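The values are calculated or read from the model by the stated rules, or taken from the named source; none is laboratory data. Keep in mind that what you see is a predicted model, and the values were worked out from it rather than measured. Every residue, glycine among them, receives a Cβ derived from its backbone with ideal geometry; neighbour counts consider all protein chains shown.
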Amino acid sequence: MTHDFVHESRPGRVVFAVGAASRLAGEVERLGLRRLIVLCTPEQAELAAELTAPLGDRIAALHPHATPHVPVAVAATAVARSREIGADGCLAIGGGSSIGLAKAIAKDTGLPVVAVPTTYAGSEMTPIWGLTDGGRKTTGRDPRVLPSTVVYDPRLTLTLPTALSVTSGVNALAHAAEALYAPDGSPITALMAAESARALAAALPRVAADPHDLDARSEALYGAWLAGSVLGATTMSLHHKLCHILGGTFDLPHAETHTAVLPHVLAFNLPAAPRARAALRNAFGAGDPAAHLFRLADDLGADMSLKSLGMPADGVDTVVAQALSAPYANPRPVTEHDLRIMLGNALTGSCPT
Ligand code: NAD
């Protein structure tokens, strides 16, 4: 096999352990941060207060106003608050929405970010920011928004509701799957993505069977760390493009949309990506990875129909038009006909093969 790749390691420190949240104060001290603004959702304010209590006066403000997809007004308020209190760093506690708000501050101010993730979305490992303005989501890459330190504590995921655990896990699997056929993948990202897919596929049924199984939670979060890492290191393809359009156009829930779409895109792409197909087969220990993934998510109770997630039946035209309007990387050329088949199946929630 001839090798031809570019691999770049990104800076950033990862601390992963059951109970790692208790090391947060030490990690903040290590970075020399003295006036942190803490970002979280209103639902996680209590958790954030509890986790940051040992940091004492290093916490300058708790800002529990993160909302999905980082609306520009929410970002502007958080940036203003960070300036007003003279923050020297952002501490995000929560999922992609909380981490996204910290990134929005970092993008404008250059403040370093410390992240304590509580879902499997993976934003903490990427230099990707996202902002939503009037229903339109813009994303970009900026090394300044990549967290300096990430503290993974599987204990913090024990409260993640089972349904969201499954869909958030499949959201992570989507990063791993698309990294396996990314145009800028490397031998390192391929190894990480395959291991991520293995860990997530093995852990999710265990998490669904017993959400308090700390060992299964640890395996799922480990898979999510790897998935976030390859999301940050490679270029995503058709699946992420479609989910971005669907989320922005119809305000569909993030992780659930990824879950309903991924089997259909994999059924279409994997015949043109033999190495990715082999890696996923190996990781899932099953025949057809697309059908296996559909059944796995379906069996674990995920809603596999975009229609029941809120996509209007006549919305396919809009998505097809947007998906065809801008080029993006994909292992297989995509026609309007292909898109209609994939979206039609995802709309009704039928198994792709
Ligand atoms: P989220 O952050 O919106 O969280 C969903 C809900 O779950 C919230 O109500 C939150 O309070 C709650 N929650 C989170 N963790 C919990 C826990 N352990 N226990 C109980 N409740 C918990 O959802 P998400 O899927 O993590 O993030 C989605 C957002 O992240 C989207 O906006 C997406 O675009 C973005 N994202 C960005 C990147 C990136 O690289 N920039 C990567 C992935 C996702």
Practice item. Out of 107, 103, 137, report the one residue that is within 12 Å of the ligand (Cβ to nearest atom) and surrounded by 24 or more Cβ atoms within 10 Å (Cβ to Cβ). Key: 103
Revision key, fill the gap. Subset of region 110-119, residues of a type outside the set (Ser, Thr, Tyr) and within 15 Å of the ligand (Cβ to nearest atom), comes to 113, 115, 116, 117
Practice item. Could you please find all residues in region 67-85 being touching a strand residue (DSSP E or B) at 6+ places or on another chain (Cβ under 7 Å) and more than 13 Å from the ligand (Cβ to nearest atom)? Key: 72, 78, 81, 82, 85
Practice item. Please enumerate the residues belonging to region 39-55 that are in contact (Cβ under 8 Å) with a residue 12 or more places away in the chain and either away from the ligand (no atom under 14 Å from the Cβ) or of a type in the set (Gly, Ala, Ser) (or both). Key: 45, 48, 49, 52, 54, 55
Point to revise | Scope region 89-110; condition among the aliphatic types (A, V, I, L, M) and in contact with a Pro (Cβ under 9 Å, 6 or more places away or on another chain); matching residues | key: 92, 93, 99, 102, 106
Practice item. Output yes when any residue across region 18-30 is part of a loop (DSSP other than H, G, I, E, B), in contact with a Cys (Cβ under 6 Å, 6 or more places away or on another chain) and not assigned by TED's automatic domain parsing to the domain that holds residue 251, and no when none is. Key: no
Exercise for review: Could you tell me which of the residues 17, 60, 53, 80 is of a type outside the set (Lys, Arg) and surrounded by 17 or more Cβ atoms within 10 Å (Cβ to Cβ)?
Suggested key: 60
Revision key, fill the gap. Filter region 19-36 for residues that are away from the ligand (no atom under 12 Å from the Cβ) and in contact with a Leu (Cβ under 7 Å, 6 or more places away or on another chain); the one that is farthest from residue 215 (Cα to Cα) is 36
Practice item. Could you tell me whether any residue of region 299-309 is in a helix (DSSP H, G or I), touching a helix residue (DSSP H, G or I) at 6+ places or on another chain (Cβ under 6 Å) and within 14 Å of the ligand (Cβ to nearest atom)? Key: yes
Check your understanding: Where in region 209-289 are the helices (runs of 4 or more DSSP H), entirely inside, with at least 2 residues that are basic (Lys, Arg) and modelled with pLDDT of 95 or more?
Key -> 274-284
Check your understanding: Among the residues of region 256-265, is there at least one that is of a type in the set (S, T, N, Q), touching a Leu at 6+ places or on another chain (Cβ under 8 Å) and within 17 Å of residue 177 (Cβ to Cβ)?
Key -> yes
Check your understanding: Looking at 179, 190, 174, 220, which is the one that is more than 16 Å from the ligand (Cβ to nearest atom), under 26 Å from residue 235 (Cβ atoms) and crowded, with 17+ Cβ neighbours inside 10 Å?
Key -> 190
Review point. Which of the residues belonging to region 86-100 are within 11 Å of the ligand (Cβ to nearest atom) and either outside the structural domain of residue 39 (by TED's automatic domain parsing) or within 19 Å of residue 30 (Cα to Cα) (or both)?
Key: 92, 93
**Study point:** Single match in 267, 273 (criterion: in contact with a helix residue (DSSP H, G or I) (Cβ under 6 Å, 6 or more places away or on another chain) and closer than 22 Å to residue 184 by Cα)
**Key:** 267
Study note, to complete from the structure: Residues in region 158-171 that are near the ligand (Cβ under 10 Å from one of its atoms), surrounded by fewer than 16 Cβ atoms within 10 Å (Cβ to Cβ) and not aliphatic (A, V, I, L, M) total 2
Practice item. Using the structure shown, decide if residue 122 is within 12 Å of the ligand (Cβ to nearest atom), farther than 16 Å from residue 71 by Cβ and assigned by TED's automatic domain parsing to the domain that holds residue 59. Key: yes
Point to revise | Given (1) of a type in the set (Gly, Ala, Ser); (2) assigned to a helix (DSSP H, G or I); (3) within 14 Å of the chain's Cα centre (by Cα), number of the condition residue 115 does not satisfy | key: (2)
**Study point:** Test for residue 68: is it buried (at least 24 other Cβ atoms within 10 Å of the Cβ) and part of a loop (DSSP other than H, G, I, E, B)
**Key:** no
Study note, to complete from the structure: Pairs returned, first residue in region 251-277 that is small (Gly, Ala, Ser), second residue that is assigned to a helix (DSSP H, G or I), beta-carbon separation under 6 angstrom, 6 or more apart or interchain, are 255/167; 255/168; 255/171; 260/306; 260/346; 267/290; 276/180
